[in-house]
Amino acid sequence: MDDPWIALFDRVADSFDTVVPFFSSFGELTVAALPAPAAGARLLDVGAGAGAIALAARRRGYEVCAVDGSAAMVARLSESLPAVQVAEAGALPFDDGTFDVVTAGFVLHLLNDPQAALREFKRVMVPGGLLAFTVVGPPPRGFEPGDRSHELFAEYSRYLPRDGRTDAPFDARGLLAMTGFRDVAEQHLQVELALDEPETMWRWYGTHGTRRFFDELDEKYCEEFRQRLIADLVDRPELVLRRAALLFTAHF
Ligand SMILES: C[S@@+](CC[C@H](N)C(=O)[O-])C[C@H]1O[C@@H](n2cnc3c(N)ncnc32)[C@H](O)[C@@H]1O
């Protein structure tokens, strides 16, 4: 069966992270939280996209390989990172015990079977290896988003076709425990990115996974959402995209 997320990322690959440097900013923060690499330390970035983590990790001194399920994303990333190939998160084309570190930025929550992917990450890691992944997180206290998107998404989600998707929160700790990872730790990451004009936030939503929400929403509601998002931004004293993520780390 075709994966609708892969189809989506194939479509947005060229514009991904070009409107606002959201993913590259979180990628930098994720890599900054990793230990300094020992000589020859090998890192695999799964669902690498345009290379937010992979390229930052290479700059930090890791020997980096990357995979992504989207052929268009891989074509884009291969221009700056030759060691990238098309592969499913749950079927990695590497031998057991190949990598010291496995990373996955904003990927696991998209997968039909995240536990199978975690088992596969574990298989390709050396014993004692480090796993680090991000998922979208709630804003920490005192770090409020500078827009009302959250409210609008909650309101308009009732107009989406029912296809069995749920809004159940991603249970990272439960999945890590079931897969046998230990020393699980989590930390908040946050970015604050200035926007040049209100419309930029709307354009940003068209360049990553959130696009799927609008692809599935009736055109009339999309336009209504856009107008309400922008009307709110126009009235704000500052134009800023504030978002938070949770970074989970664990050892095998
Ligand atoms: C939200 S993007 C994040 C990209 C990158 N990790 C970053 O932080 O910028 C999610 C990426 O996961 C990839 N992806 C989605 N499902 C996948 C799967 N089943 N196997 C491998 N990659 C997948 C998408 O193609 C996309 O590039």
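Taking 0.36 nm per residue of separation and subtracting the current Cα-Cα distance, fully stretching the chain between residue 15 and residue 3 would add 2.3 nm. In this view, the solvent-accessible surface of residue 30, computed with a 1.4 Å probe and all protein chains in place, comes to about 0 Å². With N counted as the residues of segment 1-96, its alpha-carbon radius of gyration over 2.2 N^0.38 Å works out to 1.07.
What percent antiparallel are the DSSP beta bridges of the chain, to the nearest 5?
Here the antiparallel bridges make up roughly 50 percent for the chain.
Take every Cα pair under 8 Å whose residues are at least 6 apart in sequence, average their separation, divide by the length of segment 1-91, and the relative contact order is 28 percent.
On full extension of the chain, what length is gained from residue 143 through residue 36, given 0.36 nm per residue of separation minus the C-alpha to C-alpha distance? This chain segment gains 35.6 nm when fully extended.
The relative contact order of segment 191-252, computed from alpha carbon pairs under 8 Å that lie at least 6 residues apart in sequence, is 62 percent. Under the convention that each Lys and Arg Cβ holds +1 and each Asp and Glu Cβ holds -1, the size of the dipole of segment 77-135 around its Cα centre is about 160 debye. Rolling a 1.4 Å probe across the protein heavy atoms gives the chain an accessible surface of 49 Å² per residue. Solvent-accessible surface (1.4 Å probe) assigned to residue 238 amounts to roughly 90 Å². Report the paramagnetic label zone for residue 112: residues of segment 66-93 whose backbone N is under 17 Å from a point 7 Å from Cα along the Cα-to-Cβ axis. What the label zone holds, given the 17 Å backbone N cut-off, is 69-70, 87-92. Evaluated on segment 182-252, the Kirkwood hydrodynamic radius is 14.5 Å, with distances taken between all distinct Cα atoms. Where in segment 138-158 is the amide nitrogen less than 18 Å from a point lying 7 Å along the Cα-to-Cβ axis of residue 238? Flagged as within label range: 139-149. The long axis of helix 114-124 is offset from the longest Cα principal axis of the chain by roughly 30 degrees.
Please give the contour-minus-distance gain from residue 171 to residue 83: 0.36 nm per residue of separation, less the Cα-Cα distance, rounded to one decimal in nm.
The span from residue 171 to residue 83 would gain 28.6 nm if fully extended.
Shape class for segment 94-172, computed from the alpha carbon gyration tensor (a ≥ b ≥ c): oblate, with a/c not under 1.5 and a/b at or below b/c.
The values are calculated or read from the model by the stated rules, or taken from the named source; none is laboratory data. As the structure is a prediction and not an experimental result, all values here were calculated from the model. Counting neighbours? That spans all protein chains shown, and the Cβs are built from the backbone with ideal geometry, glycine included. We work out accessible area using only protein heavy atoms, side chains counted, and drop any ligands, DNA or RNA first. Shrake-Rupley method; radii C 1.70, N 1.55, O 1.52, S 1.80 Å.
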